[in-house]
Each structure stands twice: as structure tokens, then as C-alpha cells.
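What follows is a single structure, written as C-alpha cells, with notes after it.
The values are calculated or read from the model by the stated rules, or taken from the named source; none is laboratory data. Keep in mind the model is a prediction, meaning the values are calculated, not measured. Cβ placement follows ideal geometry from the backbone for every residue including glycine, while neighbour counts extend to all protein chains displayed. Accessible surface is based on the protein model in full, side chains and every heavy atom, while ligands, DNA and RNA are left aside. Shrake-Rupley method; radii C 1.70, N 1.55, O 1.52, S 1.80 Å.
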Amino acid sequence: MSGLREMPLRATLLAALLPLCAQADQRVLADGSQYEVSFDKESSELVLSREAASGKFTQQRFMPDMQVLDGACLAVEGGELQLYAFSDRGYLVQWLLPAAGGELQRVRSLPGVVEAVDCYVDDKAGLLYVLEEGVGLWRFHAGEGSLARELLARYAPAGELDPEVEEFSVAGDALRVGEVIVASLAKVLAEQLPSVTATVQTTPVPTRGDTADDPAIWVNEAAPEDSLVLGTDKRYGLRIYDLQGEERAHIATGRLNNVDLRALREHPEYAALAAASNRTQQSISLFGIRAGGEVVWLRDSDIATGLDDPYGLCMYDDGSNLQVLVNDKDGRFQQWRLHAAGKGFAGELLREQTLHDQPEGCVVDDASHRLFYGIEDHGVSVMSAHPDDATPAQRIAGVDGNPLHADVEGMDLYLQGEAGYLVVSSQGDDSYALFERQPPYRYRGRFRVATDSARGIDGTSETDGLAVTATALGDDFPMGMLVVQDGYNVLPEQNQNFKYIDWRSVLKALDLP
């Protein structure tokens, strides 16, 4: 690392550090504390120095993973101090250091850089830059999201970088390698969305890759603290979690994508019925939920859709019958009415239409008979849920920052009397948007889910599905709960899972009543 970056530390700190190490990277946190990481070549240790706003100075020495390191750089995300440590042997790992000090917590490894020699994080833009010896400059998404990387500049003779220069320098808003400007740093803060943290996270799904997808919340009316979260596993079936995040049951049904549920009226056996899009069987799979919380796959009630790839799904209670709406990646959208058949259910196709592009997430407001649905690259629209109502759909939110960022994914309704909110996953920027439930569907803001180092729960990124309830679910969720899928489950790196968020924190973050 080259020189001192960001704001210089006070003279007392510099005097302590410079005889030890010549390389350093610095950050100042919101509480006024100043951090500097440097590399001791003699011991191959990283040295983290902190000077609190009060002037108290502390220093830690460590060797993450007992690696022979070559350096590190600092970053700040959501008020948390991050550290990227590297070596020239393919080691590039992100760590979390709680702001008040304490032990490093491994967040994730970043593969693909064999001989890193320097790194720099542009906090404002959320970007990590890494120099690789003999190759050039890589750019990553900082934080916990996508591992995708981009090669921005090459060393000579393939590019214009001087092979003798293996460190960054910062001058104004320019990041340089030697005399070459390799990146323009953010001059102003990128959109700083408010953030919340998760109270609980579920056990990771056992299957690796992009597997966890969509949750639904079953409220146990007799004992709300014993309510359940149903989550789809796209490579297995359905997984059932309690409010502590522990998996209580699982059902191997095939590749389920989306799931939704509704209460049943005076059914002799089941308190509620869940439906899920089954991509293995090209069907709608139905599940009965008993009053005690047992979930039963009604295998003989599967509804053959004729769709090539049943994808998004939501349910609708029209006041007389339960209905299921399901869509295909090719734009087809079907609406089925359910009715009792023997010990299970059967479906009657009410309508099929084709949308102009790929839909997925949807939710029905039963009270107003409105269907909200998302087109991944276009936004959110609303239309009548009545199958015989041909009134054209109305778009209520677009993408490309207006205010969503493609892809538009999961959505659900927080019901508050006649009011409430539509919650939408804005996957493209790892955020969640709120709109008023009633026309004109006023946009009320967006937020992100950040890391909670005290609980050891990471933030969320690239969320597919979500679910929300306004029902009080015990002391942790007295105004209801938001459940979101986490596309990158880190701290440490594990398979995907779901996060539970206290709804009060959402209202507070967006300054809503």
C-alpha cells in the first residue's frame, strides 16, 4: 500500500507507527475514532491502530488465518469497519472488525486473484480495487454481494501500466498506478440508504449455490410465538423454520421456487393452505398446515399447469374461494380457483394471459382485490385480481433508480387496517422499497439490511423472495416481522438462508408512523 490514505492520524499515532511500518491505510468512523492498518514486514503481521475521539490509543497485531501476508486495506460499510487482507499466493479475504475493537470475524474470500500486491476500497462507491502482479487492476463489489470482477487495466506489454509499479496512489478523486489514472473515485456519496439489521437468521439450507428463494409466514393464531416460516429450496423442496431460525421440518417435493399461503375457513383438518410453484413437476404443489404447525404435502392435489417453467406464485382469497396465480418465465400468467376434492383440493383454470416480459414476484390484496406483480427488468404494476376484469394494468414503480433497481423480485403486503405498505425487493442495489398499499401507491423510501456484528448476523444482498406480517409474534417482533432471502450468506461464508427483521426497525429507519 502506498502512503497514507484518507485523513492523517494525529501526530502521536503517526510517531508510534512510522518506525514500525512504511505502509498504511486509514479510516475515520462516525464516532470520531481513527483506524490505521499497516503491515510489519519483519513479522508478517498486520498492525491495527485505533485512536478514539477521546485521544486514547490502542494497537492490535494479528495474522488472519495464520497466513504469511503481504498487506491489507480498510473499508467502512454501514458504519462497520472492514478489512481486506492479501498475500501473493491467492489469498484475498474480507474481515469484519467491530468498531469498538475485538476479534476479527471472517466475512468471505474473494477468489481469482493469484498474486495480489495492493488493494484500495472506495467507500463512497462501494468498490474494491486490487492490483495483481503481472496482470493488472481488478474491480470488485465491496461488501458481501456478488463475487463478479472486472479487469480495468493491464500491465505492459498487454496494457499501459508500468510493470515496475505495484501500488496505488490517491490524488484528489483519482486512483493511480504510477502515472496512469485507473479509476475516478466517487466525488460525492453514493445514495446512502438507511439500514436495519436482522434479529434472527435461519439455519443455512444444506444445498449449495443459489438455492434458498422465497419465504411465507404462517401465523399460529393460538400461539403466535410458535408461528413458522416456510422457505423454498430450489434444489430440494420446502423447508420449515421456527421463529428462532431453526429448521423444524423439510419436504422433498422437487424444485420449488415461490410459496404463499392463506388461512382456511372451517376445514376439518387444516388451518391453512400453502401453494408453491414446482418446476420439477411443472405444477402447483399444495401443502396443508395443521393447527399445531405440522405441514403436509398434499401430493395427490398437485395441479398440472402446462407451463414450461412455473416460476412466480401468489395466493388470493376472493371471499368465497382460495385462488392461486402462477407465472412462467415466458410471460404466461395463469389464475386457478381451488375447491375441495376428496381429502384434498383440485384446481379450475380461470384465465391465462401473456405479459410483455418475464414476471416473478406477485402478491394479492384480498380486501381490495388488487394484484401487484413485478416484471424483473421493468418494475411493479397493479391490476384487478378478478379473472373477468380486463381493466389495463397500471405501473406504479419503474426500475433504473425510479425508484427500483432491476431485478424486481419478491413482494408482500404489510396490512394495517385499511392502510399498510407494499414491500418490494430491489435486487439490483440490495435494497427494499416501501409503497403505500392504497392508491396512488405513494413511494415511502428504501432501506438495506446491514451487518450486526454484535449478533454475528451479516447483512443481505441479491434478495429473491420476501414475506411480511403485521401480526405480533412475541417479544422480538411486537409489530410484526419481515423475512428476506439472503443471496450471499457470509460472516462466515455459508449456504444461503433467510433473515428475520423486526418491523419496528423498518418504520424507524424510514421515519414512518
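List of remarks:
- Test: residue in the range 351-374 that is over 30 Å from Ala472 (Cβ atoms), of a type in the set (A, V, I, L, M) and either open to solvent by 40 Å² or more (accessible area, probe 1.4 Å) or in contact with a Ser or Thr (Cβ under 8 Å, 6 or more places away or on another chain) (or both): no
For every residue, the table says whether it meets (1) touching a helix residue (DSSP H, G or I) at 6+ places or on another chain (Cβ under 8 Å); (2) at pLDDT below 95; (3) on the phi > 0 side of the Ramachandran plot; (4) part of a strand (DSSP E or B).
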position	(1), (2), (3), (4)
Leu413	no, no, no, yes
Gly428	no, yes, no, no
Pro439	no, no, no, no
Arg444	no, no, no, yes
Met481	yes, no, no, yes
Arg504	no, no, no, no
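- The conditions of being assigned to a loop (DSSP other than H, G, I, E, B), over 21 Å from the mean Cα position of the chain (by Cα) and surrounded by fewer than 21 Cβ atoms within 10 Å (Cβ to Cβ) are met by Glu103.
- Among residues of the range 359-372 that are more than 15 Å from Gly410 (Cβ to Cβ) and in a loop (DSSP other than H, G, I, E, B), those with a beta-carbon under 6 Å from a residue that is modelled with pLDDT of 95 or more and open to solvent by less than 10 Å² (accessible area, probe 1.4 Å) at least six positions away or on a different chain give the pairs His369/Ala385.
- Scanning the range 198-215 for residues that are open to solvent by less than 10 Å² (accessible area, probe 1.4 Å) and under 15 Å from Arg248 (Cα atoms) returns Thr202, Val205, Pro215.
- For the condition under 30 Å from Trp138 (Cβ atoms) and of a type in the set (D, E, K, R), Arg208 qualifies.
- Strands (runs of 3 or more DSSP E) contained entirely in the range 280-327, each with at least 2 residues that are in contact (Cβ under 8 Å) with a residue 40 or more places away in the chain and either buried (at least 23 other Cβ atoms within 10 Å of the Cβ) or aromatic (Phe, Trp, Tyr) (or both): 283-289, 310-317
- Take the conditions (1) open to solvent by 30 Å² or more (accessible area, probe 1.4 Å); (2) within 17 Å of Val424 (Cβ to Cβ); Trp503 misses just one of them, which is (1).
- Wholly within the range 26-81, strands (runs of 3 or more DSSP E) carrying at least 2 residues that are buried (at least 20 other Cβ atoms within 10 Å of the Cβ): 34-40, 45-51, 71-77
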